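Novice: Right, I'll just put the structure down here and ask away after.
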Amino acid sequence: MNDCLCLNCKKDANSSSDSVKIRAKNRRAELTELIEKNPGIQFRDLMRLTNLKNGVLSHHLRRLEKTESIKVQRLPRQTRFYPRDFSDEESMVAKALRRKTPRDIIYTLMLNEGDSKKGLDFNQIVSDVSKSPSTVSLYLSQLIKDNIVTITLDFGRKRKYHLSNKQLVDRLIEDHKSGMFEKPVSGFEDMINSL
């Protein structure tokens, strides 16, 4: 380490410090932009997309969270990152759209609900999603709990499922289509959850 106190060495040390600060600022701007394009993205996906090491990425994400540049949702074994202006409702829908089976259920309801407002019964959803009834039931229950899907009863007292806020779902799909569905999701999660 150079302990020289001359003006030239001090100038070099300061410019080095400034370049580190500029790189950190640029990295945080890049992370913020990536999160805005990919609402609900998980930590490991950010690592994969940015090629940053765990500790470096953690540091920058903590700084972004501290300055309220992003929103962070921490759940057991799962942390998701959202743009700072995302509402709780948008966060719930984005999280569901990032997972294959909930996304398939939402698409099925969007495509088949139409103008009639009749909704779909459970067997129609199972048929369209092509998953086991237990898997569809598990994810449908979560979508209902998250207030993304609602239930009505028809005249025969049969349950019909509808999207709670079709306009919001449609807007999120349109605005974030490329980022939200970039990484294909395996069926492993469905197999574990249906056990």
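Quick note: the coordinates plus some simple rules give every number you see, no bench work behind them. Keep in mind the model is a prediction, meaning the values are calculated, not measured. So basically every Cβ, Gly included, is an ideal-geometry build from the backbone, and we count neighbours across all protein chains shown.
Novice: So, R0 is 35 Å and r is the distance between the beta-carbons of Glu33 and Gln167; what FRET efficiency does that work out to, to 0.05?
Specialist: The computed FRET efficiency comes out at 0.85.
Novice: Still on this structure, please answer the following. So, in Å, what gap is there between the alpha-carbon centers of region 115-152 and region 29-59?
Specialist: Here the two parts' Cα centres lie 32 Å apart.
Novice: Where does the charge balance sit around Tyr82 when Lys and Arg score +1, Asp and Glu -1, over other residues with C-beta under 14 Å from its C-beta?
Specialist: -3
Novice: OK, next. Determine the alpha carbon to alpha carbon distance for each of Lys37/Lys100; Lys71/Lys100; Lys53/Lys100; Lys66/Lys145; Lys118/Lys166 and list only those over 20 Å.
Specialist: Beyond 20 Å: Lys71/Lys100; Lys53/Lys100; Lys66/Lys145.
Novice: Order of Arg171, Arg99 from fewest to most other C-beta atoms within 10 Å?
Specialist: Ascending Cβ contact count within 10 Å gives the list Arg171, Arg99.
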